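Working notes, structure below.
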Amino acid sequence: MQNSDLLQHMQAKSQDKPLSRRDFVQVLTTAVTAGPGLIAAGLAGLSLTSSQRAEAAEAVVAAIGKLPRRPFNTRLKHMHITPMCICQDWNPELVGPGLALGINFVHKAGYYNQLPPELAKLPRESYYTDITVDTTSPGHNPDDFDSAYNQVVQSLQNNGLKYYDIYRAHFGWHDPASFHKGTSYKVFQRLKREGKVRHFGVSQHPYTPYPDMIPIEVDADILEAMQVWFSYNTPQPIQNAFAGASKNGIGMTAMKVFTNGHQPMSQNPQLMSQLNASGKVGKACIKYVLDTKRPDGMPIFQTCVSALGNLQVFEENISGATLGNKLAMESVQEPAQA
């Protein structure tokens, strides 16, 4: 039986009842022969048990290998992070595989009321986290010191993380005036004195055009980390603003990589081919963002976030974060205390 015929047969068979151990091993072996980036696609359409999904995830992890780590730019050079973060809204079944790949940064960890068990058993100093503090988000008072402070304190009581590595003003500032009032930074300073946070950052959404807002934030010289919307087809003036922040040493995280980039990327098959991602839009989007350089040849972004809901999307996106193994020659270093 040809591989394609076998997979179709097993797909139909699994709809009636879970595959036997023998059948599952046969189909997984067939999928693995397709190579890295294609294993989960070979299992698409199969109705698998939770243990079978876990075994399939282990095969994907083994095929991809450990992700490289590099300094989170010069202001956070003690933090060596992977090119992709785990996100709090990932499918919970993907947290374990993400950690197995060496991912060591958890974005939006402040929204965990209870840590995933795979994360909870790790030493706290072995991974990094951020909390997105919602004082500046729509419907919140950006001058409400107590609200921001209590969000951090309460979340730490709930999830037991002890501290967050980065305090991010979620949604960022809507105009220069709100930024210069400095309430978020004052909250951060108190929390840092208390040992609950370590570094100050922003998750800047484009309420005020990025070329206007980003230089103001950089010139203030208080930000150590910045998360921004960036994807394929982002206009050059915006890219220039991000390059300036990156050159200033701010740790840069890209978001909305797929959401804003998938449509224009899907219409450029030539670029997808150049990125070694033909037919894989998610992989191409991530490779493009992580390989985008500043004028001095250094990457603008050290890491990115992507919502991952199933194993196939996980495999495709993570394979983009390997950067074609360009970083594989760099030493993998464990995090150090701030």
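Values quoted throughout were computed directly from the atomic coordinates according to the rules given, and no laboratory measurement underlies them. Here the structure is a predicted model, which is why all the values come from computation and not from measurement. Backbone-built Cβ (ideal geometry, glycine too); neighbour counts: all protein chains shown.
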message: Compute, for the chain, the length of the dipole vector about the Cα centre, with Cβ point charges of +1 (Lys, Arg) and -1 (Asp, Glu) only. Units Debye, rounded to 20.
response: 520
- request: Based on alpha-carbon positions alone, could you give the equivalent ellipsoid semi-axes of the range 1-145 from the gyration tensor, as √(5λ), descending, whole Å?
  value: 38, 19, 13
- line: Over the range 70-325, the quotient of the Cα radius of gyration and 2.2 N^0.38 Å is 0.97
- prompt: In what sequence do TYR111, TYR128 fall when counting other Cβ within 10 Å, fewest first?
  reply: TYR111, TYR128
query: Which cross-chain or sequence-distant (5 or more) residues have an amide H under 5 Å from the amide H of TYR128, H modelled 1.01 Å from N in plane?
result: PHE105, VAL106
task: May I ask which of LYS77/LYS287; LYS108/LYS192; LYS17/LYS66; LYS121/LYS196 have a Cα-Cα span longer than 25 Å here?
output: LYS17/LYS66
